[in-house]
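Participant: Have a look at this one.
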Amino acid sequence: MSQERRSHFVPRTTEGRTAVGAFVVLFLLSMPPVTHSVLDRPDVWIGGVPVFFAALFVVYTALIGVLLWAWRKGV
């Protein structure tokens, strides 16, 4: 009897695909093309910190949120 071997890197559920997609999109927002062209505004401050650090804080918090959501769902 032959069993099909499935990769552990490919999400098997819709929730898994959603979690991977959200994580990848958010992770891309924290990479240099976005950070150097969109977020690099030294003259703009939000709550006493430069907009660069405030935006990265929001993106990293969202990344952690996606990981926690996936963990709670058991994806």
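Participant: Tell me which of these Ala22 doesn't satisfy, since it passes every other one: (1) modelled with pLDDT of 90 or more; (2) among the small types (Gly, Ala, Ser); (3) in a loop (DSSP other than H, G, I, E, B).
Facilitator: Only one criterion is unmet by Ala22, namely (3).
Participant: Okay, moving on. Cβ-Cβ under 9 Å, sequence separation 6+ or interchain: first residue in the range 51-75 and exposed (fewer than 15 other Cβ atoms within 10 Å of the Cβ), partner of a type in the set (Lys, Arg) and in a helix (DSSP H, G or I). Which pairs?
Facilitator: If the second residue must be of a type in the set (Lys, Arg) and in a helix (DSSP H, G or I), no pairs are left.
Participant: Sticking with this structure for a sec: Restricting to the range 1-50, and then to whatever is aromatic (Phe, Trp, Tyr) and free of Cβ contacts under 8 Å to residues at least 12 places away in the same chain, can you tell me which residue is surrounded by the fewest Cβ atoms within 10 Å (Cβ to Cβ)?
Facilitator: Per the stated criteria, the residue is Phe9.
Participant: Report, by residue number, each residue of the range 15-60 that is under 28 Å from Lys73 (Cβ atoms), aliphatic (A, V, I, L, M) and touching a Pro at 6+ places or on another chain (Cβ under 8 Å).
Facilitator: Selection gives Ala19, Val20.
The values are calculated or read from the model by the stated rules, or taken from the named source; none is laboratory data. Here the structure is a predicted model, which is why all the values come from computation and not from measurement. Using ideal geometry, Cβ is built from the backbone for each residue, glycine included, and neighbour counts are taken over all protein chains shown.
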